[in-house]
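A short worksheet on the structure shown next.
The values are calculated or read from the model by the stated rules, or taken from the named source; none is laboratory data. For clarity, every value in this text was computed on a predicted model and none was experimentally measured. Positions of Cβ are backbone-derived with ideal geometry, glycine not excepted, and every protein chain shown enters the neighbour counts. To get the accessible areas, we keep the full protein, side chains included, count just its heavy atoms, and leave off ligands, DNA and RNA. Shrake-Rupley method; radii C 1.70, N 1.55, O 1.52, S 1.80 Å.
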Amino acid sequence: MASRALAVWQNRKVVSLLVRRDLKVKYQKSILGYAWSMLEPLAMAGVYFFVFGLVFNTNRGVPGGDDAPGGYMLFLISGLLPWLWFSVALNEAPKALISHAKLITTMKVPREIFPVAVVSSKFVDYLFTWPVLLMFVFALGGRTSAMGLLVWLPLALLVQFAFSLGITLLLASVNVLVRDVERIVRILNRVLFYASAIIIPSSLVLDSETFPDWFKTVFQLNPLLGIFKMHHAVWYPADAPNGFTLVASIGGAVLTLIIGYATFRRLETSVLKEL
């Protein structure tokens, strides 16, 4: 595993070229180009704010209370932006190898670089949306802290990257042999969106008497819950994950990466024959 990781690092220029190519293709022949990276999350935020912020009054559960700097709108946008990174990467994960079939069969490079390139490309897309986040921070009076910027933000990015890469390695290899994976992913994407406390504060579930204890435990075992609580904790310290959620998030990401890589290596020969 160490030798393959070293090989990927030695071929980092190939990863960089794949990332730049994906970004160029994404904005090719587009009038607005990079602006779409900001317009899409803005449109989504507007829709969800109307439905959950105004119609369902989700603002009542914002960490830190109703007077928390930034209110529900900043809570919403700070969760939606990293979710778009994960969601798009998840959607493209099954095609990470299939879409590069010719390169894989002709180039002598570690096949891992193609899943790595998918996750990296979407991460760069996420970085492009930070002007939108900062605009909301300044407009809504959001605040952060040294703990938020130096601990929660780097940790959230690292754990999310590891989790996304593990899933991409797993789905990319399995989908070459079983094409039902793409359909399953579309369903999984929607389920995870509502199960990860992105647009609703987790307290609405964890502090509610409606849900039994076993359900709350399962809810906290979702690695994405801890990841997005860390993203939120950058601006809302009261939403920082507790010990159980944090361990579940980090442990789940590491376990997913190990399983994803082990599956990728185990199926590599069969995948090459199929491609």
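State yes or no: is residue 190 of a type in the set (Lys, Arg) and without any contact (Cβ under 8 Å) to a residue 24 or more places away in the chain? Yes, satisfied.
At pLDDT below 90, farther than 30 Å from residue 270 by Cβ and open to solvent by 10 Å² or more (accessible area, probe 1.4 Å) - does that describe any residue in the stretch 71-79? Yes, the stretch 71-79 contains at least one residue that is at pLDDT below 90, farther than 30 Å from residue 270 by Cβ and open to solvent by 10 Å² or more (accessible area, probe 1.4 Å).
Each row is one residue, and each column tells you yes or no for (1) touching a residue at least 12 places away in the same chain (Cβ under 8 Å); (2) buried (at least 19 other Cβ atoms within 10 Å of the Cβ); (3) of a type in the set (Ser, Thr, Tyr); (4) touching a helix residue (DSSP H, G or I) at 6+ places or on another chain (Cβ under 6 Å).
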| position | (1), (2), (3), (4) |
| --- | --- |
| 232 | yes, yes, no, yes |
| 236 | yes, yes, yes, no |
| 247 | no, no, no, no |
| 252 | yes, yes, no, yes |
| 257 | yes, yes, no, yes |
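For the stretch 7-38, filtering for residues that are hydrophobic (A, V, I, L, M, F, W, C) and modelled with pLDDT under 80 leaves 10.
Could you identify the single residue in 212, 241 that is over 30 Å from residue 112 (Cα atoms) and touching a Gly at 6+ places or on another chain (Cβ under 6 Å)? Walk me through how you get there before you give the answer.
Working: 212 fails: touching a Gly at 6+ places or on another chain (Cβ under 6 Å).
Exactly one residue qualifies, and that residue is 241.
Across the stretch 117-163, the qualifying residues are those that are open to solvent by less than 40 Å² (accessible area, probe 1.4 Å) and of a type in the set (S, T, N, Q), and the one among them that is modelled with the highest pLDDT is 160. For the stretch 39-66, the tally of residues that are modelled with pLDDT of 70 or more, part of a helix (DSSP H, G or I) and either open to solvent by less than 30 Å² (accessible area, probe 1.4 Å) or aromatic (Phe, Trp, Tyr) (or both) stands at 6. Here residue 220 passes the criteria (1) open to solvent by 60 Å² or more (accessible area, probe 1.4 Å); (2) under 20 Å from the mean Cα position of the chain (by Cα); (3) at pLDDT 90 or above except the one numbered (1).
Of all the residues in the stretch 85-97, those that are within 11 Å of residue 114 (Cα to Cα) and open to solvent by less than 50 Å² (accessible area, probe 1.4 Å) number 3.
How about the stretch 164-191: which of its residues are closer than 16 Å to residue 119 by Cβ and either surrounded by fewer than 21 Cβ atoms within 10 Å (Cβ to Cβ) or hydroxyl-bearing (Ser, Thr, Tyr) (or both)?
164, 168, 173, 185, 189
Pairing residues of the stretch 140-151 that are more than 14 Å from residue 229 (Cα to Cα) and hydroxyl-bearing (Ser, Thr, Tyr) with residues that are assigned to a helix (DSSP H, G or I) and open to solvent by 70 Å² or more (accessible area, probe 1.4 Å), at Cβ distances under 8 Å and at least 6 apart in sequence or on separate chains, gives 145/237.
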